[in-house]
Amino acid sequence: MNFTQNEIIQANDIFNKLRGKLNLPNIELELSPYRPILGEKGNFDKNGKITVYAQKLTSYDDLIHTIRHETRHFWQQIHFPEHVEWWRNNMQYYSDLEFHEMIYTYCTIEADAEQFAKYNNTQLEGLLTRSVKWLEDKKGAFYRTYKRD
């Protein structure tokens, strides 16, 4: 989707306010015109860069939602690194439609980032205090239920 210069300026203002609210270091926001190989609308990396893929977005609201979601992931990387590491170690499940749903249903960082993006930058109480063992147990139960040979 193409955004106006005014929308891009507004999105950057929202990003900078959000970065301040979360007390994040100086991180970069890139609005990329390129389409990623995977289906995601945005991502974050360990080096302080959040990328949002304009071609995957459907509206200005979608842009703001994605910025909030990915910025929250960057915050999680600082405060809950064990959850982010679990997520990175389970990325292969994103290409499996059944497991993709599991990631968004049970993965604490995805559920928290979605809550944060959807509901005016709030978080689910206690969600990120769940253990990585809890995540592994959920993944195992899901796998046993849906991946029977």
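The values are calculated or read from the model by the stated rules, or taken from the named source; none is laboratory data. Just so it is clear, the model here is predicted, and its values are computed rather than measured. Here Cβ is always computed from backbone atoms with ideal geometry, including for glycine, and neighbour counts include all displayed protein chains. Accessible surface areas use protein heavy atoms only, side chains included; no ligands, DNA or RNA. Shrake-Rupley method; radii C 1.70, N 1.55, O 1.52, S 1.80 Å.
Between D13 and K49, 0.36 nm times their residue separation minus their Cα-Cα distance comes to what?
Here the answer is 11.3 nm.
First check a/c for the range 1-68, with a ≥ b ≥ c the square roots of the eigenvalues of its C-alpha gyration tensor; if it is under 1.5, answer rounded, and if not, answer prolate when a/b is larger than b/c or oblate otherwise.
Numbers: a/c = 2.06, a/b = 1.23, b/c = 1.67.
Taking the square roots of the gyration eigenvalues as a ≥ b ≥ c, the range 1-68 is oblate.
Please list, in order along the range 77-89, the HN-Hα scalar couplings obtained from phi with the Karplus expression 6.51 cos²θ - 1.76 cosθ + 1.60 (θ = phi - 60°), rounded to whole Hz, x for Gly and Pro.
4, 7, 9, 9, x, 5, 6, 5, 5, 4, 4, 4, 6
At R0 = 25 Å, how high is the FRET efficiency between M1 and E114 if r is their beta carbon distance? Nearest 0.05 is fine. Kindly include the intermediate steps, with their values, before the conclusion.
Details: r = 20 Å, r/R0 = 0.82.
The computed FRET efficiency comes out at 0.75.
Pop a pseudo-label 7 angstrom from the Cα along the beta-carbon direction at both S59 and E40 and give the gap in nm to one decimal.
Modelled inter-label distance: 2.4 nm.
Among 109-116, 64-71, what's the highest-first ranking by average C-beta atoms within 10 angstrom per residue? If you can, show how the numbers build up before the last one.
On the way: 109-116: 20.0, 64-71: 22.1.
Going by the mean number of other Cβ atoms within 10 Å, highest first, we get 64-71, 109-116.
Once you keep just the Cα pairs under 8 angstrom separated by 6 or more residues, what percentage relative contact order results for the range 14-75?
Details: 82 pairs, mean separation 22.2, N = 62.
RCO, the range 14-75: 36 percent.
For the range 26-75, which chymotrypsin sites (Phe, Trp or Tyr not before Pro) pass both filters: DSSP loop (anything but H, G, I, E, B) and at most 12 other C-beta atoms within 10 Å? Show your work: numbers first, answer last.
Working: sites: Y34, F44, Y53, Y60, F74, W75; in loops: Y34.
Filter output for the range 26-75: Y34.
Compute the accessible area per residue over the range 22-89, keeping the other protein chains in place, probe 1.4 Å, unit Å².
Numbers: 3460 Å² over 68 residues.
That works out to 51 Å² per residue.
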